[in-house]
1. Output needed for the chain: three equivalent-ellipsoid semi-axes, defined as square roots of 5 times the C-alpha gyration tensor eigenvalues, in descending order, whole Å.
2. Rg to Rh for region 304-351: what is it, with Cα atoms only and Rh by Kirkwood?
3. For the pairs LYS3/LYS114; LYS369/LYS448; LYS28/LYS114; LYS50/LYS165; LYS381/LYS448; LYS233/LYS258, note any where the Cα-Cα span goes beyond 22 Å.
4. Provide the per-residue ³J(HN,Hα) series for region 59-64, in order, calculated from phi with Karplus coefficients 6.51, -1.76, 1.60 and θ = phi - 60°, each as a whole number of Hz, with x at glycine and proline positions.
5. If the chain between MET58 and LYS381 were fully stretched, how many nm would it gain, using 0.36 nm times the residue separation less the Cα-Cα distance?
6. Around LEU25, which amide H atoms from residues at least 5 apart in sequence, or from another chain, sit under 5 Å from its own amide H, with H modelled in the peptide plane?
7. Given H placed 1.01 Å from N in the peptide plane, which residues other than close sequence neighbours of VAL32 have an amide H under 5 Å from its amide H?
8. List the residues, sorted by chain then number, that are 5 or more residues from ARG201 or on another chain and whose placed amide H is less than 5 Å from its amide H.
Amino acid sequence: MEKYDLIVIGAGPGGYESALEAAKLGLKTAVVEERELGGTCLNRGCIPTKALLHSSEMYNEILHAQKLGITFDSASFDMQAMINRKNEVVQTLRNGIEGAFKRAKIDLYAGKGKITDANTVIVNDKVFSADHILIATGSTPFVPPIEGINSDGVMTSDELLDCTKKIESLTIIGGGVIGLEFAQIYNALGAEITIIEAMERVLPTLDREISQSIAMSFKKRNIKIVTGAMVEKIEQDGSLLTSHYRIADKTENVSSEKILVAIGRRANIAGLFDGDLIETERGQIKIDEHCRTNVKNIYAIGDCTYGTIQLAHYATAQGLNAVHIIAGKPVPHDLSLIPSCIYTSPEIACVGMTQDIAKLAGIETKTAKYLMGANGKTQIKTDERGFVRLVARANDGVLIGAQLFCCNATDMIGELSLAVAHGLTARQAASVVHPHPTFVEAVGEAAKML
Ligand SMILES: Cc1cc2nc3c(=O)[nH]c(=O)nc-3n(C[C@H](O)[C@H](O)[C@H](O)COP(=O)(O)OP(=O)(O)OC[C@H]3O[C@@H](n4cnc5c(N)ncnc54)[C@H](O)[C@@H]3O)c2cc1C
């Protein structure tokens, strides 16, 4: 029987990065993957959505290029070609992981992994032994039991990412991150979009002002947003799908060609282990702060774990910490500070605390909000409104959070993550000379305001 120091189950951003790091740390490592290398993130998540966003934004910019002094006789798009390009990007990155595995001498087993005891994994009836096991099996879209949900044309993000047909109208059930990014893509391609969200606002877990700002920006672009509404039934009528939703005491409906269901994701743990070998909570694996399950040498990370933040870089950071613990080394990442990004237009990026959260934690704060209308690069690039807000502790000026709603926010958050992680004060952030003209100058300006 082949024996390993570590067997990783799942090759998403949590699993494959952990395996590479484990090999670097000298652990004899194997990976079990039942689908493609790269997991949800590379094949059905982060990368494909951003590739389609790039194509759709480019098309939209061309349509509005006249204000930049550029005219086109006509502009059109080919959905099949956009999907092909997205697939090429994905394939290139997948090849990169495969090559890295080979160079690191990681054994890759294709198939569904099953843990039968603390040290045994079975793949396609082959039995492997491991000193440690890392579960990184991720998640898949949750499909709620709504009448008519299985109708043709009702899709999850997995299917929509491969839909080569031009979509004229799309209803999105769920106004979270995934729902909003698809609204961004298909709005830019000219589809009529309705978002139906059960909570009182889209992005309900995010800063209220950001969620209101993106809702206003979407409305300006004719994206219809219905909040406080629950879809109860879907009916197919020829080529149209009608979503019937309850809002307050009334039932209303909206018809569209396709429906995207984006109301959450479910951990992939069905058939992963026997009986109650590994403790779970609400269908997800329970772990401690070191990503350890109830079984001493079995760790779990990423989307399949309970109470997780479903982000690729969180899964990776957890995994790197776990393999360092397994190798007896200090952990490299502080998991308490995880930046989050949303690739709408304008982009959204947050790190650390909002003023409201700080207040709940009993921290007195001062904040500064710099409006991007005064930023040169923003004026050049867009007519969207936006802001950079910094939150600092009132007593010593230490930066504890930032919320960005502007062009390039998803890149700008890096500098602020560094500042918050290392306890820099607003004065220190303001003392840095930023290049001009850039979007990131706004960070310096907001810090000066503080
Ligand atoms: C549309 C969309 C857009 C997203 N955009 C972003 C983004 O921009 N930024 C971001 O940070 N996050 C984004 N996410 C979330 C991100 O994709 C996930 O948080 C991340 O992929 C989780 O990584 P993971 O390693 O835990 O699991 P996954 O990436 O889900 O990988 C798990 C892997 O395990 C395999 N597996 C499962 N069970 C078994 C088994 N028993 N045996 C063998 N293999 C198994 C699966 O096939 C899969 O390949 C997005 C998600 C979606 C759906």
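Just so it is clear, none of the values below were taken in a lab; they were calculated from the coordinates. Source: prediction; values computed, not measured. Note: ideal-geometry Cβ built from the backbone for every residue, glycine included; neighbour counts use all protein chains shown.
1. On the way: eigenvalues 263, 183, 97 Å².
In descending order the semi-axes read 36, 30, 22 Å.
2. Numbers: Rg = 13.1 Å, Rh = 12.2 Å.
Over the Cα atoms of region 304-351, Rg/Rh equals 1.08.
3. LYS381/LYS448
4. Karplus values, whole Hz, x for Gly and Pro: 4, 5, 5, 4, 4, 10.
5. Numbers: separation 323, 0.36 × 323 = 116.28 nm, distance 1.30 nm.
The span from MET58 to LYS381 would gain 115.0 nm if fully extended.
6. none
7. For VAL32, whose amide H was placed from the backbone, the distant partners under 5 Å are VAL8, ILE9, GLY10, TYR109.
8. Hits under the 5 Å cutoff: GLY228.
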